[in-house]
Amino acid sequence: MEPYELSVTEALDQLSAKTLSSVELTQSCLDRINRTEKSISAFITIDSEQALHQAHEADRKRTQGSGGSLCGVPVSVKDLMCTKGVKTTCGSKILENFIPPYDATVVEKLQEQGAVIVGKAAMDEFAMGSTSENCAFGTPANPWNVDYIAGGSSGGSAASVAAGQVLGSLGSDTGGSIRQPASLCGIVGMKPTYGRVSRYGLVAFASSLDQIGPLTRDVTDCAVMMEVISGYDRRDSTSVDLPVEDYRAFLVDGLDGVRVGVPREYFGEGLDPEVNRVVMNGVEVLKSAGAEIVDVSIPHVNYCVAVYYLIAPAEASSNLARYDGVAYGLRDSGNDDLFEMYKETRSRGFGPEVKRRILIGTYALSSGYYDAYYKKASQVRTLILNDFKKAWESCDLLVSPVTPTPAWKIGEKVDDPLAMYLSDIFTLSTNLAGLPGLSVPGGFSENGLPIGIQLQGMHFQEGALLRCGYNLEKGLNLERKIPSL
Ligand code: GLN
């Protein structure tokens, strides 16, 4: 086994046993990037020099007996988390040359624990999309078949982990952007409870929905990374002051006493039979592990697409107002007139999907329409949350598909935004209700593309999700494989 193929946990074992150095491991990842990046395009920025420097530091600290819980482990970070001195583009031309003067809290936390940040991962512009095709700097490919999408918006994060370029990654999830690419690329992805992880230094898309989380090769690695990034941060007023749990302590065999709900609305029309087969097989595995399976209902799930695609663009239209060519980013300098300058900068800097969202969002918030759209959507959002509260009376967590289909071909849905939005149907409710969600590899389609299984849990019950995910992973016993490429 090559070092780049190790899980985070396996690598940490070898690093602490001194049978592997971080420089060797990092070099193995960088070589892998060199060999595969042409076909995968997972990165917007690769900083090999800094990575090797951090690896040397990690080795030095280890020799001294210090170094944190990710000491020497190469990771990637989605290109919308600020990295001091390193370009942070959000996949957008408008921030093509933006170099943040500070680090996001999660980046600080990775560094404190000794992680080696290899580069910034490709993504849909401002995290708007489901395929990463809205990235201004190239579309990441699915490592299992490079003609297919890696998913989005954290497509570069998922592809880099699945392709063996790094051992783990951080993504962000506003409506599914961690879980969906994780599912399509055959890896694990967690969207934590809203408020569990600090958003300080995360470029905002929809502030009431955004949350940062890990993408990893297995559930144990996910628990390790969750321990690193979680926690209260006074610089994010929406972060919650609850102690960070020892997530690895939840990874125990068996699910006796756990009630797993199967929400019937998630298994209706439009669900690909192969996805249905994989998820139902997962349900059987949970049952054999001791879980009690119960039938539950989330009646308002069909409104999620409509509600999300009003609330998220509304918040985005307000968050993206700051890119006006004045404070930072692209500026059209050919104009003396201030308003012309704004207009030209924004017309040139934003791609079509971002423009579409700004238009929808501004419209939904405008006087005369606010009550009919934004306010109504917010009311239905509460109904969706209430559905989950009701479900928790009879179960502890929910199992469902992550996406209605496996990955589709690059280019297949680019001209059909509505079809693209509809593919998010199963992940949006988690964000609208602020819940934690986990995607675990469940199996493969007939043509060899990965299919994930989603678990949704109660607020701040990440531990319960990880326990269930761990048992699912064990029971399914899929080979952890990195495609040869
Ligand atoms: N696909 C959804 C969208 O386009 C979700 C994106 C996300 O979670 N960042 O908005």
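The values are calculated or read from the model by the stated rules, or taken from the named source; none is laboratory data. Keep in mind the model is a prediction, meaning the values are calculated, not measured. All Cβ positions, even for glycine, are placed from backbone atoms using ideal geometry, and neighbour counts span all protein chains on display. What goes into the accessible areas is simple: the full protein's heavy atoms, side chains included, and nothing from ligands, DNA or RNA. Shrake-Rupley method; radii C 1.70, N 1.55, O 1.52, S 1.80 Å.
The residue list SER429, SER423, SER400 contains one member that is closer than 29 Å to ARG259 by Cα and away from the ligand (no atom under 15 Å from the Cβ), which is SER400. Against the numbered list (1) assigned to a helix (DSSP H, G or I); (2) closer than 24 Å to LYS87 by Cβ, LYS61 comes up short only at (2). Only a single item in (1) away from the ligand (no atom under 16 Å from the Cβ); (2) buried (at least 17 other Cβ atoms within 10 Å of the Cβ) is not met by VAL354, and it is number (1).
LEU20 meets the conditions (1) more than 27 Å from the chain's Cα centre (by Cα); (2) under 23 Å from LYS109 (Cα atoms); (3) in contact (Cβ under 8 Å) with a residue 12 or more places away in the chain in every case but one. The failed one is (2). Sub-7 Å Cβ pairs linking a first residue in the range 345-374 that is without any contact (Cβ under 8 Å) to a residue 40 or more places away in the chain to a second residue that is assigned to a helix (DSSP H, G or I) and more than 14 Å from the ligand (Cβ to nearest atom), at least 6 apart or interchain, are TYR369/TYR363, ordered by first then second residue. Which of the residues spanning the range 180-223 are over 20 Å from GLY475 (Cα atoms), touching a strand residue (DSSP E or B) at 6+ places or on another chain (Cβ under 8 Å) and β-branched (Val, Ile, Thr)? Scanning the range 180-223 gives VAL197, VAL203, ILE212. How many residues are closer than 23 Å to GLY443 by Cβ and either acidic (Asp, Glu) or open to solvent by 20 Å² or more (accessible area, probe 1.4 Å) (or both) if we restrict to the range 383-403? Count: 0.
Going through (1) of a type in the set (A, V, I, L, M, F, W, C); (2) surrounded by 15 or more Cβ atoms within 10 Å (Cβ to Cβ); (3) within 16 Å of the ligand (Cβ to nearest atom) one by one, LEU359 falls short only on (2). With respect to the conditions (1) farther than 15 Å from GLY171 by Cα; (2) more than 16 Å from the ligand (Cβ to nearest atom); (3) within 19 Å of the chain's Cα centre (by Cα), GLU133 falls short on a single one, namely (2). Evaluating TYR148 against the criteria (1) more than 22 Å from LEU422 (Cβ to Cβ); (2) more than 16 Å from the ligand (Cβ to nearest atom) leaves one unmet condition, (1).
Give me a count of the residues in the range 202-217 that are assigned to a strand (DSSP E or B), within 14 Å of THR105 (Cβ to Cβ) and either among the hydrophobic types (A, V, I, L, M, F, W, C) or without any contact (Cβ under 8 Å) to a residue 12 or more places away in the chain (or both). Write out each step before concluding.
Looking only at the range 202-217, we keep the residues that are assigned to a strand (DSSP E or B), and these are 202, 212-216.
Add one more test, that the residue is within 14 Å of THR105 (Cβ to Cβ), and what stays is 202, 212-213.
Cutting the leftovers down to either among the hydrophobic types (A, V, I, L, M, F, W, C) or without any contact (Cβ under 8 Å) to a residue 12 or more places away in the chain (or both) gives us 202, 212.
Looking only at that region, the number is 2.
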